[in-house]
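> First, the structure itself, so that you have it in front of you.
The values are calculated or read from the model by the stated rules, or taken from the named source; none is laboratory data. Given the structure is predicted, the values throughout are model-derived calculations rather than measurements. We place every Cβ from the backbone using ideal geometry, glycine too, and count neighbours over all the protein chains shown.
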Amino acid sequence: MKNSYSNIFTFNKKNLKKTINCLNNGDVAALPTETVYGIGGNAYKKSSIKKIFKLKGRPKSNPLIIHYFNLDKAKNDIVLNDYFLKLYKNFCPGPITFVLKKKAKSKIQPLASAKLKTIAVRFPKHKIIRSILKKINFPLAMPSANKSNKVSPINALDVFEDFKNKIKIIINGGRSKIGIESTVIDLTNFPTILRPGIINKNSIEKVLKLKMKQKFENKKIKSPGMMKRHYSPGIPVLINQNKHDKKSAFMYLGNKYKNNKNFFSMSKRSNLDEAAYNLYKIFRIIKKKGYKKIQINKIPKIGAGIAINDRIKKASNFK
Ligand code: AMP
Ligand code: MG
């Protein structure tokens, strides 16, 4: 099997060096994070950013998240504010992305942030990405390592499936612990969640001691990741389903239908964090088994269920 995956590498000293050389040379690499895998490139270098957009087939209007080792490394690029500092202290490194005003002197490529005056920044927790971010002297622009609009990858083979040998280095860091994308919060004005994630509204409100609106449910596209069709497994997805149509794959919480091969439990103990962790894995399994359609039972809109509903709603816009 070695030859067919000649671009998937285990993480060791030699391959860390190889990855850093690759990034220093302006090339891109697929790297694990605790949310999903990303394709990272030098956020200060135009050609690296161009490569990322081209590989993904991502519209230029959809800005990239910029990843840093810590706040110290981000200080030249972002305008700090109290909301951010509080959230940073509580949740970073971790699965949360902050939209902040960009400093005039920032070297972030305008293309990376879709020419906006703001940038989205994140401080990921996964130890592999942190060891890379620590050793390079530029931040990484890093969207999820999937073709635009498709399901995010949660392991190295998922990345290979979309890109084959088009990415020279895919670092194998095991399965992403969270399994869905980061929470995105706009802090340029009153805090607003643009994309729900595992760090949820309640826990953010507790830290900031305020109440937010569920803006991401609005029709208006404020953040391009809120585009209507996204996270698509490539076959139609129907949500809030009560009755199995006898031939589709049916996703649900619990263990009720364990003897029926067409039923896929997202969490046997109905735990919503676990269901989020399994969401994309089950999408891929169902697609590979050749089903033509996915039905999903109603998922409660609490905790991680809010993020799950956001992703499956967008997946359901596939026609
Ligand atoms: P992805 O990299 O695929 O996880 O998607 C990145 C998400 O961050 C998308 O929803 C983007 O629209 C959002 N994002 C990145 N930069 C900004 C920004 N400056 N303002 C608002 N949203 C942003
Ligand atoms: Mg993405």
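> Could you list, in sequence order, all residues of the range 141-156 that are more than 9 Å from ligand 1 (Cβ to nearest atom) and out of contact with any helix residue (DSSP H, G or I) (no Cβ under 8 Å at 6 or more places or on another chain)?
149, 155, 156
> Taking the condition of being closer than 21 Å to residue 63 by Cα, aliphatic (A, V, I, L, M) and outside any loop (DSSP other than H, G, I, E, B), how many residues in the range 156-181 meet it?
1
> Select, from 23, 31, the only residue that is among the hydrophobic types (A, V, I, L, M, F, W, C), away from ligand 1 (no atom under 11 Å from the Cβ), modelled with pLDDT of 95 or more and under 16 Å from the mean Cα position of the chain (by Cα). Steps first, answer last, please.
On the way: 23 fails: under 16 Å from the mean Cα position of the chain (by Cα).
The match here is 31.
> Just need a number here: residues in the range 145-178 that are within 11 Å of ligand 2 (Cβ to nearest atom) and closer than 18 Å to residue 42 by Cβ.
Filtering the range 145-178 down to residues within 11 Å of ligand 2 (Cβ to nearest atom) leaves 145-153.
Going one step further and asking which of them are closer than 18 Å to residue 42 by Cβ, we end up with 145.
Residues in the range 145-178 being within 11 Å of ligand 2 (Cβ to nearest atom) and closer than 18 Å to residue 42 by Cβ: 1 in total.
> Failed condition for residue 259, given (1) assigned to a helix (DSSP H, G or I); (2) modelled with pLDDT under 95; (3) more than 16 Å from ligand 2 (Cβ to nearest atom), with all others met?
(1)
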